[in-house]
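These notes concern the structure reproduced below.
The values are calculated or read from the model by the stated rules, or taken from the named source; none is laboratory data. It should be emphasised that the depicted structure is a prediction, and the values quoted were computed from it without experimental measurement. No Cβ is skipped: glycine too gets one built from the backbone with ideal geometry, and neighbour counts run over all protein chains shown.
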Amino acid sequence: MPPEASVSEFAAFLAAYASLLESLYLRANASRWKVTYEEFAAVLYRSAVHRFGSAQPPSEGIESYFQALHLEDLALACALRSGSEPAWEQFVTDCRPVLHASARAIVGAGGEARARELADSLYAELYGLDRSGAVRKNSLLDYFHGRSKLVTWLRSVLAQRHVDALRASQRLEPLDDEPTASHGAAFARANSASENMDLDRVRLLPRLAEAISEALAALPVPERLLLSLYYVQGMTLAQIARMRDVHEATASRRLQSIRRELRERVECALARGSAAHDGRAGANGLSPTEIRRCLDYALDDWSFDLSSILAANAVPGRTEGK
């Protein structure tokens, strides 16, 4: 049971969303890490409490929130917290090279040794040690809620850790000492790393919004209606299935198919770029790295008004009594 919940609150959560939690557990393939159903449900509960700010998350919107999470990354983080050796081996294989590369970019002329020290200090915190090496009550992974990819979240934490360390060292310097040029440059690089992330968000998210709008406009009306019913009007898959007189599994498969098709269309649009139109300058296509970053940003607290886009493309609304 997550520490934020009482026994009764968590039990009520399990009972209210049993079917949904089971499907999410299967989608996350959590059993490959020997993560139990209840352990994974506890991680989802913690994420929902963090998102909705309530010990008993509201039913409205929670299904779409869970469906948008990086479920496999959440399962991996859960296994890492429990000390699973196969999970740590997978983490080292997939994430460690990326974090080392990020650390090298952050420290710049600080060199390979400093980059490795920065990355290794983060691994210790993930394993449940504090920055001095003492055992801590909670792992850093307790603060990962699955709204972005695990490696994206860790890159942001890595940059912030470096900024924090530089600020702490500045506070410890004698007041009459001037910071060295190399120290100042390192601090600027660390701040620049964080700022560049924000600059990329500002640059990439409008491109993503345009690509999504284009992809949605190309969908047939029945498919846009299904998206509207599920994501905008908040209907469950069971309700949609009854409305359409199909099995719930059929509605679920169709929704997944639409999501896959949309992602493919969006990625193609981002890679293709756009021509000048209505007085607006054209845009070059994005690189594969930029496209991945763009999609990662989108899942990290991005406010995108899907309802207005669907309305603009003439999606019929739900009638009363349906």
Residues being surrounded by 18 or more Cβ atoms within 10 Å (Cβ to Cβ) and closer than 14 Å to Arg254 by Cβ: count how many of those fall in region 213-227. 6
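Considering only residues that are within 16 Å of Lys149 (Cα to Cα) and free of Cβ contacts under 8 Å to residues at least 24 places away in the same chain, which ones fall in region 97-106?
Here is the first cut: in region 97-106, the ones within 16 Å of Lys149 (Cα to Cα) are 97-99, 102.
The one that is within 16 Å of Lys149 (Cα to Cα) and free of Cβ contacts under 8 Å to residues at least 24 places away in the same chain: Pro97.
Does region 194-203 include one or more residues that are in contact with a Leu (Cβ under 6 Å, 6 or more places away or on another chain) and at pLDDT below 80? Break it down stepwise before answering.
Of region 194-203, the ones in contact with a Leu (Cβ under 6 Å, 6 or more places away or on another chain) are none.
Within region 194-203, none of the residues are in contact with a Leu (Cβ under 6 Å, 6 or more places away or on another chain) and at pLDDT below 80.
Listed residues Gly133, Gly83; which is surrounded by fewer than 16 Cβ atoms within 10 Å (Cβ to Cβ), at positive phi and at pLDDT 80 or above?
Details: Gly133 fails: at pLDDT 80 or above.
The match here is Gly83.
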Taking only region 234-263 into account, find how many residues are outside any helix (DSSP H, G or I) and among the acidic types (Asp, Glu). 1
